[in-house]
Amino acid sequence: MILLIIFIISFLYLFYIIWLTESFQEIEKNNDVFYPSVSIIISAKNEELNIDNLISKLMIQNYPVDKFEIIIANDKSEDNTLEKIKKYANKIRNLSIIDIKNTPKKWGAKKWAINQCIDKSSGEIILQTDADCSHKSTWLFEMVQPFQDHNIGFVCGPSYIGKKNNFWDDTIKLESIAQESFTYANSKRNLFISCTARNIAFRKSLFSDINGYEGINHIESGDDDLLLHKVVKNSKAEVFFLANQEALVSSNSPNSIKEFYMQRLRYASKGLLYFKLQTPKEVKVVLPFLMVSNLAIIFSIINIIATQSVIWLLPLILKSIADFLIITKYMNLINIKFNVLNFMILTILHPFYIVLLGTISPLTKVQWK
């Protein structure tokens, strides 16, 4: 009976992924040139090692310099982040700094820093990224092109974790791309699950229309996905997920398994909040289904080891086929090479840590940066 239930869950997962990937398609590029005013905003805390790279990448954007500004909030850094930014601010006229001394009660630190950046911004479009990210020279231009459609109010861009060319980074890179492939595929079915603050853009007027972070300002994380959910629930603006290699953003991978664990624990810490806030109904259905699907695979792996019966391999094979299908299709869109060995390792490990983090994160006090 248990085997039958696991088979049913695995087949449902496969059919669901096939349904999602049928919506994948190459987006025809609009040849029109569009240069709205843009405010690039970043919250930086203890990022002295990344500031040089960040600003150097932002200053080579193929975008008119009089059409964009860079606003960096130094969020109570305890290193030389502020001093480094100040050196650049004296040389770059479209770079400004906000020095955050204190975070008000009932505000998450990063949300407060980002909110201060938005308050100071003058751009029509807010383009948000993180201080440890690297950007192509085409990033700014490509991220704002979807706004040529006046119905679009929020754009989610492609990104991944893992800049270095080594086995650890390649594995983390594939894992982060796998998550993005899932959110991208769901968006093409008008199911808005998540996004990442490494690469999002939205109209400043839309942020005002939905009262910004009001209602979610007290939550430490969620300056990306919870804001997306507010847009979906409280506005008529359309959301667009961009799969374009020229808009790709990459960020540093965790330096150790412990750092990886703490990072993913932070990501998972909002799990129960999704069911208390005004989140889209698809979030409240899809996320539990994913948890159940991964539990089924864990049970299958345990039984493969315990019984050495081939029949328990089938659920794992079905999920692997589904994951391979969605990941490779997305990676093809953003022109990133697929690695079979990394995929095989993640196929075994991924269900365990998803279930582990999803279970313990609501019960654990998460340590923030």
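The values are calculated or read from the model by the stated rules, or taken from the named source; none is laboratory data. What you see is a predicted model; the values in this text were computed from it and never measured. Quick reminder, even Gly has a Cβ in these numbers, built from the backbone with ideal geometry, and neighbours come from all protein chains shown. Please note that ligands, DNA and RNA were not included when accessible areas were found on the heavy atoms of the full protein model with its side chains. Shrake-Rupley method; radii C 1.70, N 1.55, O 1.52, S 1.80 Å.
Points worth noting:
- Cysteines in the chain that, by Cβ-Cβ distance, have no pairing candidate under 4.7 Å: Cys117, Cys133
- Cleavage-rule hits (trypsin sites (Lys or Arg not before Pro)) in segment 173-238: DSSP loop, at most 10 neighbouring Cβ within 10 angstrom: Lys236
- Label point distance in nm, Ile257-Ile18, each placed 7 Å from Cα along Cα→Cβ: 3.7
- Helix 257-268 axis, angle to the chain major axis (alpha carbon atoms, nearest 10°): 80
- The apolar share of the surface of the chain, taken as the fraction of accessible area on carbon and sulfur atoms (1.4 Å probe, ligands and nucleic acids excluded), comes to 58 percent.
- In sequence order, calculated HN-Hα J values of segment 269-280 (Karplus, 6.51, -1.76, 1.60; Hz; x Gly/Pro): 5, 8, x, 6, 5, 4, 8, 9, 8, 7, 9, x
- In this rough spin-label picture, where each label sits 7 Å from Cα along the Cβ direction, the Lys281-Ile8 distance is 2.2 nm.
- Loop-resident sites, segment 40-120, for trypsin sites (Lys or Arg not before Pro), counting at most 12 other Cβ within 10 Å (DSSP): Lys91, Arg93, Lys101, Lys105, Lys106
- Charge dipole of the chain (Cα centre as origin; +1 on each Lys and Arg Cβ, -1 on each Asp and Glu Cβ, all else neutral): 720 debye, rounded to the nearest 20.
- Computing FRET efficiency as 1/(1 + (r/R0)^6) for Met59 and Asp149, where r is the C-beta to C-beta distance and R0 is 25 Å, gives about 0.30.
- Whole-Hz Karplus values for segment 243-253 come out as 10, 9, 4, 6, 9, 5, 10, 10, 9, 5, 7 Hz, taken residue by residue from phi with 6.51 cos²θ - 1.76 cosθ + 1.60 and θ = phi - 60°; glycine and proline positions read x.
- Backbone amide hydrogens, once placed in the peptide plane, bring Lys45 within less than 5 Å of Asp75, excluding anything fewer than 5 places away on its chain.
- Take the chain and mark each of the GluC sites (Glu not before Pro) that is in a DSSP loop with at most 13 other Cβ atoms within 10 Å; the longest unmarked stretch, sites excluded, is 215-369.
- Positive-end residue, segment 37-145 charge dipole about Cα centroid, Cβ charges, pick of Ser37, Gln116, Ile51: Gln116
- In terms of overall dimensions, the C-alpha atoms belonging to segment 60-146 reach 38, 29, 22 Å along their principal axes, ordered largest to smallest.
- Under 5 Å, built H, 5+ apart or other chain: amide partners of Ile152: Glu238
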